[in-house]
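Everything below concerns the one structure shown next.
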Amino acid sequence: MCECCSGHPDIYLPQMATITKRRMLNGTELFLHLEMDSGEDLQYKPGQFVEVSLAGIGEAPISISSSPTQKGLELVVRNVGSLTKAIHKLQVGDKLGIRGPYGTTYPIEEAKGKDLVFICGGIGLVPQRSFIRYALDHRSDYGKIIVLIGTKCYSMRLFREEIALWQERRDMTVLETIDEAHDCWDGNVGVVTTLIPKIENELPGSLVLICGPPIMYKFVLISLAEAQVPEENIYVNLERRMKCGVGKCGHCQINDKYVCQDGPVFRYSDLALVPEAI
Amino acid sequence: MSVLKFTPKQFDDFVSTLLKTGRPVMAPQAKNGRFAFGPLASAADLRLDYDVTILPPKKYVLPQVETLLEFEVCGPCRSVQEGEPMILLGVHPYDLAAILQMDELFRQGQYDKHYMDRRCQITIIALDVVTPSANVFASSMGTATVTSGYDILLTVLKDGSILADAATAKGQELIRLAGSAVPASEADLLARKAVWEHNNAVLNKHILLCKPSLLPKVLEQSYNHPVWEEKARLCYSCGSCNQVCPTCYCFDVQDRVNWDLKTGYRFRAWDGCLLENFATVAGNHNFRKDRAARYRHRLYRKGKYVPEKIGGQIACVGCGRCISACTAKIANPVEVYNRLLQDTKLG
Ligand SMILES: Cc1cc2nc3c(=O)[nH]c(=O)nc-3n(C[C@H](O)[C@H](O)[C@H](O)COP(=O)(O)OP(=O)(O)OC[C@H]3O[C@@H](n4cnc5c(N)ncnc54)[C@H](O)[C@@H]3O)c2cc1C
Ligand code: SF4
Ligand code: SF4
Ligand code: FES
């Protein structure tokens, strides 16, 4: 190897981590708790993601769902393809490769003293949970915490026990909805935007953090514009195809932005001149 | 060190000596009526008069397929560094400009050791263009000649003699093998300057009607221009324009398991933003499913996005390869940029 390179780590080399807990959250989403084999916790902040791999099958970007205030690393993996299917077969004690953390973080400092409104669609709750838990663990640093959660159908709901605990807390507001009515559900029915009028009075002055499927952003952003939430107070967490996670492979680009480095968390006002974003 | 002058015979001897250093020498040679970089077996195969190669020499700094890691299936991984000492002989200035851009892109931010290690072990002997290719427009892009970035620069003078200018320690180490070459005279250096002036003027089969540095501004105003749709209507999404381009560096990463089913390797391979599924994610959602959007993305990358990352240099070096490679005859960047320029108000 040449001399100038010998001091640099290999940015594509994963570290190993061991699965310490696993549990299906619903029919397609697997929750994993991991410990790094190095014995040291990964140094990450809410909003970041890791590249998860199984040697021989592949690698994919997965959001970190745990908060750095807790031990270990928590991920939620939806079974959609070859790698995620293989990950679903893993058991406690099995190992995964982890690279990262990568990407931008939620504005944990700037948000201090402010009210927070989280709008989550489906699996979008996964990365948002990191900041929600972080804010709950630093409760006095933040103002009101309001969480809106929309899920396609009753059976797809994620983190049910945890949401039930959140709903019991008096220092936060959690509203849930499902798109399609269900016998066992007596809560709100309709897409996540139908929850927005219920908290409209809280929106001015709050930081609003959005994560969900691509289609959701359009509608939520329209509602927020109607409620006159300034674009500087809105944060979106975007997904794109990723291969390297480190700004080289070009796959994650949205116009001139690299989601793996300039995102996945973007201040919405920074995307004003980025037509491919939403 | 001073510039050396070779007769053609002395130069052949120099190349023969290079071939004996034990390092592979990759150089332009004739291939089915065209030219390609490949391992050089004898000095006689070297074609200093080549116009342009089918693929750019970037294939030696960023190979089509490059192993990054080796592993046991579902087990731990180990870094692989594939780089080896190599001499890249006969690189045209525009292709050198492209390699220098790539050096910066892989070095900046997260240091890409796989690229950098390979690159550090390569000695580049650049060569001023002797025969302009049918579609070259390097003059327009300011890459018809280069003043730095090479280890040695070769210039073929009108009388057939060859000047060699060693600019780095790596270059000087090789030039020591030059044998009976003599120092170039004042007149030789003037003749070399004439070659540069000539090339700066004639490598212009297509003429960009503005300074390249204006392109980011032009593009800033052209996102919704009809040209994207007009051109892309004919696009096959074949990705040939990406494949042949010396400045395209997007890649895919995949795992492959060996025949023993126990071991395998993770590799990267060239990818192209014109290919239909370049931005497709799970659930078959394609973030750039519109052909015109992909077509536009390529020309924005060349003219705006990549330049913003590398201090303003335009990421099209005017080699003209995409123009020749595109069956639909729509890939010419100059045609598009000139068209946009017409409709742009530059204040
Ligand atoms: C920042 C970020 C955070 C993410 N967080 C999560 C998360 O917390 N949980 C979760 O389950 N998923 C998450 N994803 C999506 C996840 O990366 C994809 O579901 C995963 O790559 C699919 O891999 P696979 O090998 O199982 O599927 P494949 O067999 O590769 O293919 C299935 C589908 O996925 C597409 N695909 C292939 N590679 C990628 C890629 N690199 N990124 C996206 N799609 C791809 C294919 O085009 C195909 O349509 C996140 C994606 C990003 C960009
Ligand atoms: S865009 Fe075309 S002309 Fe420009 S560097 Fe790439 S292949 Fe050459
Ligand atoms: S070479 Fe031509 S047809 Fe093929 S993807 Fe490029 S522009 Fe489209
Ligand atoms: S994922 Fe490769 S550049 Fe962002």
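What to note about this one:
- Partner shielding of A:58-71 amounts to 1, given as the average count of beta-carbon atoms from other chains within 10 Å of each residue beta-carbon.
- Contact order normalised by residue count of chain B, Cα under 8 Å, 6+ apart, percent: 21 percent
- Over the C-alpha atoms of region B:196-289, the Rg to Rh ratio, Rh being the Kirkwood estimate, stands at 1.11.
- With eigenvalues of the C-alpha gyration tensor scaled by 5 and rooted, region A:1-52, Å: 31, 12, 11
- Counting every alpha-carbon pair across region B:109-220, the share separated by more than 23 Å comes to 46%.
- The protein assembly as shown - Rg over Rh from alpha carbon coordinates, Kirkwood radius: 1.04
- DSSP beta bridge pairing in chain A, given as percent antiparallel to the nearest 5: 60 percent
- Region A:1-114: proportion of alpha-carbon pairs further apart than 19 angstrom, %: 49 percent
- Inter-label distance for A:ASP137 and A:THR20, nm, one decimal - labels placed 7 Å from Cα along Cα-to-Cβ: 1.2 nm
- Average projection, convex hull of the Cα set of chain A: 15.9 square nanometres.
- Sorted by Cβ density within 10 Å, fewest first, the residues B:LEU96, A:LEU221: A:LEU221, B:LEU96
- Computed over region A:195-239, Cα set: Rg, Dmax in Å: 10.0, 30
- 5 Å binning of all Cα-Cα separations within region A:146-278, expressed as whole percents from 0 upward: 2, 9, 17, 19, 17, 15, 12, 7, 2, 0
- Cysteines in chain B lacking any other cysteine Cβ under 4.7 Å from their own Cβ: B:CYS74, B:CYS77, B:CYS210, B:CYS235, B:CYS238, B:CYS250, B:CYS273, B:CYS316, B:CYS319, B:CYS326.
- Rg over Rh, two decimals, region B:44-106 (C-alpha only, Kirkwood Rh): 1.11
- Fraction of beta bridges assigned by DSSP in chain B that are antiparallel (%, nearest 5): 75 percent
- Here the label points at B:SER2 and B:VAL182, each 7 Å from Cα along the C-beta direction, are separated by 1.1 nm in the simple model.
- FRET E, pair A:VAL189, A:GLU231, Förster distance 30 Å, beta-carbon r, rounded to 0.05: 0.50
- Here chain B is treated as an ellipsoid with the same Cα gyration tensor; its semi-axes, largest first and in whole Å, are 35, 29, 16.
- Here region B:130-286 is treated as a sphere whose radius is the Kirkwood value from Cα pairs; by Stokes-Einstein at 20 °C and 1.002 mPa s it diffuses with a coefficient of 103 µm²/s.
- Distance between the 7 Å Cα→Cβ label points at B:THR67 and A:SER155: 4.6 nm.
- Peptide B:285-295 has a mean shielding of 2, counted as Cβ atoms of other protein chains within 10 Å of each residue's Cβ.
- Cut-off 15 Å (backbone N to label point 7 Å along Cα→Cβ of B:THR131), residues of region B:15-40: B:28-37
- Taking 19 Å as the cut-off, the amide N atoms of region B:221-262 that come nearer than this to a point 7 Å along the Cα-to-beta-carbon line of B:GLU308 belong to B:221-225, B:248-250.
- Sorted peptide list for A:83-91, A:245-253, B:213-221, criterion being average Cβ within 10 angstrom, highest first: A:245-253, B:213-221, A:83-91
- Rounded FRET efficiency, nearest 0.05, which uses the C-beta distance separating B:LYS217 from B:LEU189 and R0 of 35 Å: 0.40
- Reachable lysines, given that their alpha-carbon falls under 22 Å from the alpha-carbon of B:LYS304 and they are not under 8 places away in the same chain: A:LYS248, A:LYS257, B:LYS58, B:LYS211, B:LYS217, B:LYS231, B:LYS289, B:LYS345
- Between region B:240-263 and region B:106-179, the Cα center-to-center distance that results, in Å: 27 Å
- In region B:236-299, one over the average inverse separation of all distinct C-alpha pairs is 13.3 Å, which is the Kirkwood hydrodynamic radius.
- Residue among B:ASN135, B:ASN242, B:ASN284 with the largest mean-square fluctuation in a Gaussian network model of chain B, springs linking Cα atoms under 10 Å: B:ASN284
- Between B:CYS238 and B:ALA269, the FRET efficiency from the beta-carbon distance, with R0 = 22 Å, is close to 0.85.
- Most to least packed among B:111-118, B:54-61 [average Cβ atoms within 10 Å]: B:111-118, B:54-61
- Between B:ASN224 and B:LYS345, the contour length at 0.36 nm per residue exceeds the Cα-Cα span by 42.1 nm.
- Comparing A:ARG169, A:ARG157, A:ARG133 in a Gaussian network model of chain A where C-alpha atoms under 10 Å apart are linked, the largest mean-square fluctuation is found at A:ARG169.
- Sorting B:ARG78, B:ARG268 by the number of Cβ atoms found within 10 Å of their own Cβ, with the fewest placed first, yields B:ARG78, B:ARG268.
- Axial C-alpha extent at least 20 Å, average Kyte-Doolittle at least -0.5 - helices from chain B (DSSP): B:93-107, B:186-202
- Peptide B:72-82 is shielded by partner chain Cβ atoms: per residue, an average of 5 of them sit within 10 Å of its Cβ.
- Remark: the A:GLU200-A:ALA181 segment gains 4.4 nm on full extension, using 0.36 nm per residue and subtracting the alpha carbon distance.
- Out of every Cα-Cα pair that region B:1-59 contains, those further apart than 14 angstrom amount to 59 percent.
- Along its first, second and third principal axes, ordered by size, region B:258-338 spans 54, 30, 27 Å in Cα coordinates.
Rule-based calculations on the coordinates, nothing more; no lab input. Just so we're clear, the structure is a prediction, and the values are computed from it rather than from any experiment. Ideal geometry is used to build each Cβ from the backbone, glycine not excepted, and the neighbour counts take in all protein chains shown.
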